[in-house]
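Undergrad: One structure, as structure tokens, below. Some questions next.
The values are calculated or read from the model by the stated rules, or taken from the named source; none is laboratory data. Since the structure is predicted, the reported quantities are computational estimates derived from the model, not experimental observations. Heads up, the Cβs are rebuilt from the backbone with ideal geometry, glycines too, and the neighbour counts pull from every protein chain shown. Just so you know, the surface numbers come from the protein's heavy atoms only, side chains and all, with ligands and any DNA or RNA stripped out. Shrake-Rupley method; radii C 1.70, N 1.55, O 1.52, S 1.80 Å.
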Amino acid sequence: MTLSAGTKLGSYEILAPIGAGGMGEVYRARDTRLERDVAVKVLPEHLFENRERGARFEREAKALAAVNHPAIASIHSFEEVSGRHLLVMELLEGDTLRTRLAGGPLVPRRALEVAIPIALGLAAAHDKGIVHRDLKPENVFLTKDGRVKILDFGLAKLEERPPRSPETTGASTHSAATEPGVVLGTMGYMSPEQVRGGALDARSDLFSFGAVLYEVLSGQRAFRGSSPADTLSAILREDPPDFSEAGVTVPAPFERLVRHCLEKSPENRFQSARDLAFALEAIPLDAGTSSSSIGGGATRPIGALMPSRLLRPASAALALAALLAAAAATWVYGRRPAAPEIRFAQASYGRGTISSARFGADGRSLVYVATWNGMPSRLFLKASDAPDGTTLDFPRAELLAISSEGEMAVLLDPQPGHVGLFTGTLARAPVTGGAPREIAAGVSGADWSPDGTKLLAVREEDGRSILEYPLGKLLYATSGHISHPRISPRGDRIAFFDHPLPLDDRGSVAVLDLSGNKKTLTGQFGSLQGLAWGPGGDEVWFTGAERVSIRALRGVSLAGVMRPILPGVGRLRLLDVSKEGTVLLARDAARMTVLGRRAGEAQERDLTWFDLSFARDISADGKTLLCESGAEPAGALYAVGVRGMDGSPVVRLGDGYANALSPDGAWVLASLPASDSPIDLLPTGKGVARKIPISLAERGVPVFSPDGKRILFTAREPGHQRRVYAVSLEGGTPVPVSLEADMVRAMAPGCISPDGRFAAVERARVGVLLLPLDGGEVRPLPGARANDVPLRWSADGRAVFVRAGARVPAAIFLLDVATGRRAPFRELVPADPAGVEAIEGVVLSSDGAAYAYNASRVLSEMYLVTGVR
């Protein structure tokens with residue numbers, strides 16, 4: 001039933017219908033809570049007639065919402081309101097690719113601008129284990145501001161209706177499952193394995209992509225027949241006609257790429273969407289890409305050009321300059337390459353992390369905050385002709401801004417907050433020295449007006465991020481968070497990063513006028529760190545990532561036209577831009593290492609697996625470490641392995657996330673990075689791996705029971721709050737073993753007491769709770785504090801090891817369960833503390849004598865870049 005304008009669905013007010021299809025009716029609506037327009041899809045109720053089916057839909061919707069990429073339409077929430085099930089999505093303005101193709105095929109240059117974002121979006125989803133299954137021109141959207149968005153990602157899998165005979169070659173075929181033997185997709189774009197009802201993986205999407213790209217270039221469908229049967233036969237047995245038959249000329253590399261996508265056998269196609277994206281980016285079109293390029297435009301794959309970690313600091317500036325200049329020369333955007341004019345000068349030489357920096361009022365001196373060589377964070381002043389900075393006599397603080405009059409805005413006693421941000425007490429102080437004057441508490445960002453008389457502040461209050469300008473006047477608020485606010489040189493606008501979720505640095509660039517009216521200038525980027533106004537005040541410059549760990553410097557005009565300024569070589573971070581156009585950049589080298597020590601040893605050893613490694617569990621005897629790697633050599637699905645604490649080589653056991661070691665060390669629990677993946681039981685020695693399917697929603701990390709005979713995990717059934725479930729190692733139906741306690745989100749290896757009666761679980765801002773596994777009531781662990789994290793029960797079951805807070809060094813305490821007595825046990829700090837921002841994932845043997853932990857290290861180099869336009 002079509003809803004009329006003005007209808008209220010919870011906090012959503014229906015404004016107008018947008019469209020309807022097999023997956024429900026879509027409306028433009030107003031989210032009255034966040035005061036924004038959204039798209040609300042009212043889903044067919046037959047999807048929820050069965051409880052298990054409805055739960056599966058909810059799991060899939062949440063998995064889709066977790067995929068973060070500018071080319072994938074964002075899902076804000078999945079809600080049930082007044083008996084209706086709603087999928088609340090990003091509202092898009094524009095047309096589908098199908099509508100655009102009604103005007104004829106696209107020229108190769110324009111086709112490339114559409115194809116690259118689609119391939120990158122597919123890669124992001126495939127990395128999460130999600131396959132689209134129904135890619136077609138109707139599911140690709142071209143926004144009015146020049147972006148490409150993939151729609152209905154993975155939702156074709158969710159509609160569970162009996163198959164019906166399609167009447168046209170464009171009809172969709174749906175089914176109740178995705179097991180082999182099931183046909184699902186849209187005729188004309190299905191892969192041969194879809195037509196046969198075979199098992200599908202990411203390579204099926206690449207075939208559909210090839211069919212779409214063929215149509216984009218030729219204006220005709222790749223596979224077409226006079227009947228549905230003829231179309232299916234063409235997919236299985238025929239190749240598409242040559243482009244020349246459609247009267248279009250396509251560059252030979254482009255045509256070869258399309259043919260490669262449309263290979264009948266999955267083994268003969270591209271093996272990943274990321275490989276496909278690289279191949280697209282390498283197509284040498286003479287026309288390049290236009291200045292109105294969609295989705296950030298085409299970039300060359302430059303990750304292989306990263307300078308060696310063994311380069312001496314003295315040569316780092318030259319290496320980076322040459323590398324960026326070469327990369328910039330390949331980043332064609334319909335403008336004259338600026339690479340020969342760009343100059344790089346290294347501006348820091350310490351070993352550690354630079355957290356913030358600004359030009360002084362003269363536009364040449366620098367003030368920055370760094371933790372050099374493992375020393376505490378300090379403020380430094382660097383004169384324009386000085387080789388390095390001089391320490392300022394100032395308390396621990398984070399620098400937020402410097403006024404035109406030379407006054408600093410700083411955060412005193414800064415505490416880690418949202419990703420890359422700190423929260424503390426806002427204060428003002430002259431750069432030349434003097435005691436800081438406190439102004440406001442709970443601040444995470446600030447900037448000065450151009451004349452240096454007024455302050456802007458971003459504060460965290462009641463779960464919201466609030467922007468005030470001038471200080472005390474509310475201008476904008478969000479349930480997500482605001483970061484990197486900057487007032488324009490003319491003082492008439494405020495630019496900032498608008499993050500939809502707390503504790504997440506993905507988001508978009510937005511501007512406010514002085515009446516609080518917001519305009520979003522970009523789509524979503526990941527890893528947004530660093531924003532400033534361009535020298536003319538007509539553009540906002542920022543650093544963000546379309547790919548993991550690759551931040552590029554971009555500019556976006558107030559009309560939303562985006563252009564590249566410097567390509568991403570590793571993790572570039574914009575710190576500031578002077579009035580003359582000199583760019584202050586940091587280049588961050590991030591590494592997650594694993595350090596550990598066996599019982600009786602005097603020193604820790606490096607147990608890192610590749611350059612992105614995590615300690616996940618340690619055997620009770622302290623001899624074996626369970627580890628996980630997310631580095632590129634580990635593969636897109638991560639990798640699970642075990643190694644001896646003596647530093648012996650890693651034995652790779654399989655793909656996925658590592659969860660827990662069995663008490664006897666013979667088995668490992670793992671899972672693939674997808675919401676509905678089964679629990680994998682992997683042998684560390686002899687044995688046969690097997691899968692344990694789990695159909696419950698919101699499943700937490702699985703752990704072993706102390707006797708090793710059961711697997712325990714938190715999850716939620718429809719109609720119930722979260723609780724702990726147990727399942728046999730042989731599989732079967734999970735059985736609830738605790739009362740409902742929605743506050744309990746996850747368990748860690750070693751958190752089950754030796755007698756199996758209690759789980760020690762973390763509750764944010766509360767501390768450690770004891771959750772009975774026999775149906776009793778949850779109670780606090782005596783002696784626990786609000787920032788404690790449980791690590792493991794002692795072998796005798798009388799105490800729990802906890803870690804206090806998130807600071808470095810990491811303080812470990814032993815809490816007596818009966819008395820609450822809190823005894824210091826150990827402090828963990830790397831022998832080389834330079835650049836170590838956090839110690840995470842501490843794992844202990846049952847006596848605490850052996851341990852391992854993750855050390856997050858960021859080493860920064862600062863550069864002055866001139867000649868950038």
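Undergrad: Across the stretch 677-707, what is the number of residues that are basic (Lys, Arg) and crowded, with 19+ Cβ neighbours inside 10 Å?
TA: Counting residues in the stretch 677-707 that are basic (Lys, Arg) and crowded, with 19+ Cβ neighbours inside 10 Å gives 1.
Undergrad: Name the residue, out of SER483, SER404, SER449, that is within 28 Å of VAL509 (Cα to Cα) and either more than 34 Å from the chain's Cα centre (by Cα) or of a type in the set (Phe, Trp, Tyr) (or both). First the steps, then the outcome.
TA: Values: SER483 fails: either more than 34 Å from the chain's Cα centre (by Cα) or of a type in the set (Phe, Trp, Tyr) (or both); SER449 fails: either more than 34 Å from the chain's Cα centre (by Cα) or of a type in the set (Phe, Trp, Tyr) (or both).
The unique qualifying residue is SER404.
Undergrad: Looking at VAL114, VAL67, VAL81, VAL107, which is the one that is open to solvent by 10 Å² or more (accessible area, probe 1.4 Å) and touching a helix residue (DSSP H, G or I) at 6+ places or on another chain (Cβ under 7 Å)?
TA: Exactly one of VAL114, VAL67, VAL81, VAL107 is open to solvent by 10 Å² or more (accessible area, probe 1.4 Å) and touching a helix residue (DSSP H, G or I) at 6+ places or on another chain (Cβ under 7 Å), namely VAL67.
Undergrad: Since ALA639 meets every condition but one in (1) touching a Lys or Arg at 6+ places or on another chain (Cβ under 9 Å); (2) under 18 Å from SER845 (Cα atoms), which condition does it not meet?
TA: Failed condition: (2).
Undergrad: Mind checking whether some residue in the stretch 740-753 is without any contact (Cβ under 8 Å) to a residue 60 or more places away in the chain, surrounded by fewer than 17 Cβ atoms within 10 Å (Cβ to Cβ) and touching a Pro at 6+ places or on another chain (Cβ under 9 Å)?
TA: no
Undergrad: Same structure again: (1) open to solvent by less than 30 Å² (accessible area, probe 1.4 Å); (2) of a type in the set (Lys, Arg); (3) over 22 Å from the mean Cα position of the chain (by Cα): which one isn't true of ARG605, the others all being true?
TA: (1)
Undergrad: Which condition number in (1) closer than 25 Å to ASN139 by Cβ; (2) at pLDDT below 90; (3) open to solvent by 40 Å² or more (accessible area, probe 1.4 Å); (4) not in a loop (DSSP other than H, G, I, E, B) is the one that GLU52 fails?
TA: (1)
Undergrad: Which pairs turn up if I take residues in the stretch 221-237 that are among the aliphatic types (A, V, I, L, M) and look for partners that are modelled with pLDDT under 85 and open to solvent by 40 Å² or more (accessible area, probe 1.4 Å) with beta carbon separation below 8 Å, at least 6 apart in sequence or on another chain?
TA: ALA234/ARG224; LEU236/ARG196
Undergrad: When the stretch 782-813 is examined, which residues are found to be open to solvent by 40 Å² or more (accessible area, probe 1.4 Å) and closer than 18 Å to GLY622 by Cα?
TA: Within the stretch 782-813, ALA795, ASP796 qualify.
Undergrad: Select, from ALA660, ALA670, ALA615, the only residue that is under 30 Å from VAL131 (Cβ atoms), aliphatic (A, V, I, L, M), in contact with a Gly (Cβ under 6 Å, 6 or more places away or on another chain) and in a strand (DSSP E or B). Give the steps one after another, and end with the answer.
TA: Working: ALA660 fails: in contact with a Gly (Cβ under 6 Å, 6 or more places away or on another chain); ALA615 fails: under 30 Å from VAL131 (Cβ atoms).
Sole residue among the options that is under 30 Å from VAL131 (Cβ atoms), aliphatic (A, V, I, L, M), in contact with a Gly (Cβ under 6 Å, 6 or more places away or on another chain) and in a strand (DSSP E or B): ALA670.
Undergrad: Turning to a different aspect of this structure: Could you say which residue among VAL724, VAL737, VAL761 is within 20 Å of VAL842 (Cα to Cα) and buried (at least 18 other Cβ atoms within 10 Å of the Cβ)?
TA: One residue alone meets the criteria, VAL761.
Undergrad: Another question, if that's okay. Among the residues of the stretch 516-528, is any surrounded by 24 or more Cβ atoms within 10 Å (Cβ to Cβ), in contact with a strand residue (DSSP E or B) (Cβ under 6 Å, 6 or more places away or on another chain) and at pLDDT 90 or above?
TA: yes
Undergrad: For the stretch 419-443, how many residues are under 22 Å from GLY472 (Cα atoms), in a loop (DSSP other than H, G, I, E, B) and modelled with pLDDT under 90?
TA: Going through the stretch 419-443 one residue at a time, the tally reaches 1.
Undergrad: Next up: Which members of the stretch 628-655 meet the condition of being surrounded by fewer than 24 Cβ atoms within 10 Å (Cβ to Cβ) and in contact with an Asp or Glu (Cβ under 7 Å, 6 or more places away or on another chain)?
TA: ALA631, GLY635, ALA636, LEU637, TYR638, GLY654
Undergrad: OK, next. Can you name every residue in the stretch 378-401 that is touching a Phe, Trp or Tyr at 6+ places or on another chain (Cβ under 8 Å), more than 14 Å from GLY445 (Cβ to Cβ) and of a type in the set (A, V, I, L, M, F, W, C)?
TA: Within the stretch 378-401, LEU379, PHE380, LEU392 meet the criteria.
Undergrad: Identify, by number, the condition in (1) surrounded by fewer than 19 Cβ atoms within 10 Å (Cβ to Cβ); (2) under 31 Å from the mean Cα position of the chain (by Cα); (3) at pLDDT 80 or above; (4) not charged (D, E, K, R) that THR99 doesn't meet.
TA: Evaluating THR99 over (1) surrounded by fewer than 19 Cβ atoms within 10 Å (Cβ to Cβ); (2) under 31 Å from the mean Cα position of the chain (by Cα); (3) at pLDDT 80 or above; (4) not charged (D, E, K, R) leaves (2) as the failure.
Each row is one residue, and each column tells you yes or no for (1) under 25 Å from ASP362 (Cβ atoms); (2) surrounded by 20 or more Cβ atoms within 10 Å (Cβ to Cβ); (3) at pLDDT below 90.
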site	(1), (2), (3)
ASP538	yes, no, no
GLY568	no, yes, yes
LYS579	yes, no, no
ALA615	no, yes, no
LEU626	no, yes, no
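Undergrad: If a residue has to be farther than 26 Å from PRO706 by Cα and open to solvent by less than 30 Å² (accessible area, probe 1.4 Å) to count, how many in the stretch 814-866 make the cut?
TA: 14
Undergrad: Output the residues belonging to the stretch 424-447 that are in contact (Cβ under 8 Å) with a residue 40 or more places away in the chain and more than 17 Å from SER483 (Cβ to Cβ).
TA: Answer for the stretch 424-447, where residues must be in contact (Cβ under 8 Å) with a residue 40 or more places away in the chain and more than 17 Å from SER483 (Cβ to Cβ): VAL431, GLY433, PRO436.
Undergrad: When you go through (1) within 24 Å of the chain's Cα centre (by Cα); (2) outside any strand (DSSP E or B) one by one for SER465, which number turns out not to apply?
TA: (2)
Undergrad: Give the residue that is farthest from ARG598 (Cα to Cα), with candidates limited to residues of the stretch 656-676 that are surrounded by fewer than 22 Cβ atoms within 10 Å (Cβ to Cβ) and of a type in the set (A, V, I, L, M).
TA: So the residue we want is ALA674.
Table: residues versus (1) at pLDDT below 85; (2) in a loop (DSSP other than H, G, I, E, B); (3) more than 22 Å from LEU97 (Cα to Cα).
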residue	(1), (2), (3)
ARG224	yes, yes, no
ALA229	yes, no, yes
LEU232	yes, no, yes
LEU236	no, no, yes
VAL250	no, yes, no
LEU257	no, no, no
ASP275	yes, no, yes
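Undergrad: Run down GLU215, GLU193 and say which single residue is over 20 Å from ALA102 (Cβ atoms), of a type outside the set (Ser, Thr, Tyr) and assigned to a helix (DSSP H, G or I).
TA: Working: GLU215 fails: over 20 Å from ALA102 (Cβ atoms).
Exactly one residue qualifies, and that residue is GLU193.
Undergrad: May I pose another question? Tell me, which residue of the stretch 453-474 that is open to solvent by 10 Å² or more (accessible area, probe 1.4 Å) and among the small types (Gly, Ala, Ser) is nearest to LYS518 (Cα to Cα)?
TA: GLY472
Undergrad: Being at pLDDT below 90 and closer than 23 Å to TYR853 by Cβ is the requirement here; does GLU717 meet it?
TA: So GLU717 fails the test.
Undergrad: If VAL458 meets every condition in (1) of a type in the set (A, V, I, L, M); (2) closer than 28 Å to ARG378 by Cβ; (3) more than 24 Å from the chain's Cα centre (by Cα); (4) part of a strand (DSSP E or B) apart from one, which number is that one?
TA: (3)
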